[in-house]
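Novice: If you scroll down you'll find the structure; I have some questions about it.
The values are calculated or read from the model by the stated rules, or taken from the named source; none is laboratory data. Here the structure is a predicted model, which is why all the values come from computation and not from measurement. Cβ sites come from the backbone with ideal geometry, for glycine too, and all protein chains shown count toward neighbours.
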Amino acid sequence: MQPNELLDILQVAGRLKTTTRHCYTQENRKESVADHSWRISLMAMLLTNEFPEADMNRVIRMCLIHDLGEAFTGDIPSFYKKDEDEDKEEELLFNWVNTFPEAEREEWMALYKEMLALETQEAKIYKALDRLEAVISHDESDLSTWLPLEFELNFTYGNENIGFSEYMKRLKAEIDKMTQAEVDKYKSENS
């Protein structure tokens with residue numbers, strides 16, 4: 001990859017540092033897409049020993065690139081995102097990736113194809129982490145920033161993505177405890 005090609009890719013990817021998501025950080029600033037992608041990548045790295053048969057380097061790569069389409073469309077919360085939004089994001093992303101040098105283009109397109117199919121263990125791990133990290137982030141947000149539907153959604157979001165793994169089920173159970181503690185605290189402070 002030529003230095004100018006690398007810089008061009010980084011310039012587009014850098015948009016995710018200022019593309020905000022729906023929730024807030026513990027410091028009460030809007031979370032960026034880059035914040036989210038970094039933390040699910042860290043989660044994957046930390047879980048290497050929990051999934052010894054998986055190619056966690058591949059999972060980390062998926063985590064790093066999974067939301068790059070949002071550099072073009074912005075983040076749309078899952079409860080507002082429609083199929084046409086997904087299609088537009090995918091089209092813009094793939095158009096961009098098709099401008100990459102051949103080796104990177106082939107690798108990234110293979111990763112995206114695998115992620116969309118959700119058939120490999122690696123893709124399932126990435127998707128579960130993507131969903132679970134979103135719930136953790138919401139739990140860390142001040143509950144005054146939550147929409148009413150999120151009080152239930154945080155308990156169900158990602159449930160369809162964890163069934164392949166006993167570890168992910170246990171992790172979700174711990175996250176649900178965090179969610180419940182936050183909800184209970186919020187209710188006691190606002191009753």
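Novice: If you check Ala181 against the conditions, is it within 23 Å of Met43 (Cβ to Cβ), of a type in the set (A, V, I, L, M, F, W, C), exposed (fewer than 12 other Cβ atoms within 10 Å of the Cβ) and modelled with pLDDT under 95?
Specialist: Yes, satisfied.
Novice: Name the residues in the stretch 3-34 that are free of Cβ contacts under 8 Å to residues at least 60 places away in the same chain, under 30 Å from Leu147 (Cα atoms) and not in a strand (DSSP E or B), would you?
Specialist: Once the filter is applied, which keeps residues that are free of Cβ contacts under 8 Å to residues at least 60 places away in the same chain, under 30 Å from Leu147 (Cα atoms) and not in a strand (DSSP E or B), the stretch 3-34 yields Ala13, Gly14, Arg15, Leu16, Lys17, Thr18, Thr19, Glu27, Arg29, Val33, Ala34.
Novice: Still on this structure, I have one more. Here is a list: Asp85, Asp55, Asp67. Which entry is within 29 Å of Thr145 (Cβ to Cβ), acidic (Asp, Glu) and touching a residue at least 24 places away in the same chain (Cβ under 8 Å)?
Specialist: From the options Asp85, Asp55, Asp67, the qualifying one is Asp67.
Novice: Whether any residue in the stretch 73-84 is within 21 Å of Met1 (Cβ to Cβ) and in contact with a helix residue (DSSP H, G or I) (Cβ under 9 Å, 6 or more places away or on another chain) is what I want to check.
Specialist: Within the stretch 73-84 (the criterion being within 21 Å of Met1 (Cβ to Cβ) and in contact with a helix residue (DSSP H, G or I) (Cβ under 9 Å, 6 or more places away or on another chain)), the answer is no, since none of the residues qualifies.
Novice: In addition: Can you tell which of Lys88, Lys124, Lys81 is within 14 Å of the chain's Cα centre (by Cα) and either within 19 Å of His36 (Cα to Cα) or not in a loop (DSSP other than H, G, I, E, B) (or both)?
Specialist: The unique qualifying residue is Lys124.
Novice: Of all the residues that make up the stretch 13-27, how many are under 24 Å from Trp96 (Cβ atoms) and over 18 Å from the mean Cα position of the chain (by Cα)?
Specialist: Adding up the residues that qualify gives 0.
Novice: While we're looking at this one, here's another question. Kindly indicate the residue of the stretch 35-78 that is part of a helix (DSSP H, G or I) and among the polar types (S, T, N, Q) and also surrounded by the fewest Cβ atoms within 10 Å (Cβ to Cβ) among those meeting that condition.
Specialist: Ranking the candidates gives Asn49 first.
Novice: So, in the stretch 136-172, how many residues would count as being among the hydrophobic types (A, V, I, L, M, F, W, C), farther than 15 Å from Phe79 by Cα and part of a helix (DSSP H, G or I)?
Specialist: Residues meeting the conditions: 4.
Novice: Still on this structure, please answer the following. For the stretch 94-108, check the following and say yes or no: at least one residue is farther than 24 Å from Thr20 by Cβ, part of a helix (DSSP H, G or I) and within 15 Å of the chain's Cα centre (by Cα).
Specialist: No - not one qualifying residue is present in the stretch 94-108.
Novice: Here's something else I'd like to know. Please work out which residue is nearest to Asp142 (Cα to Cα), limiting yourself to the stretch 168-189 and to residues that are touching a Leu at 6+ places or on another chain (Cβ under 9 Å) and aliphatic (A, V, I, L, M).
Specialist: Among residues in the stretch 168-189 that are touching a Leu at 6+ places or on another chain (Cβ under 9 Å) and aliphatic (A, V, I, L, M), the one nearest to Asp142 (Cα to Cα) is Val183.
Novice: Can you tell me which of (1) modelled with pLDDT of 95 or more; (2) touching an Asp or Glu at 6+ places or on another chain (Cβ under 9 Å) is the one Leu16 doesn't meet?
Specialist: Among (1) modelled with pLDDT of 95 or more; (2) touching an Asp or Glu at 6+ places or on another chain (Cβ under 9 Å), the lone unmet condition for Leu16 is (1).
Novice: Something else about it: Glu50 fails exactly one of the following numbered conditions: (1) of a type in the set (D, E, K, R); (2) closer than 18 Å to Ala13 by Cα; (3) modelled with pLDDT of 95 or more. What is the number of that condition?
Specialist: Looking at each condition in turn, Glu50 falls short on (2).
Novice: Exactly one condition in (1) more than 18 Å from the chain's Cα centre (by Cα); (2) touching a residue at least 12 places away in the same chain (Cβ under 8 Å) is not met by Asn49; state its number.
Specialist: Failing condition for Asn49: (2).
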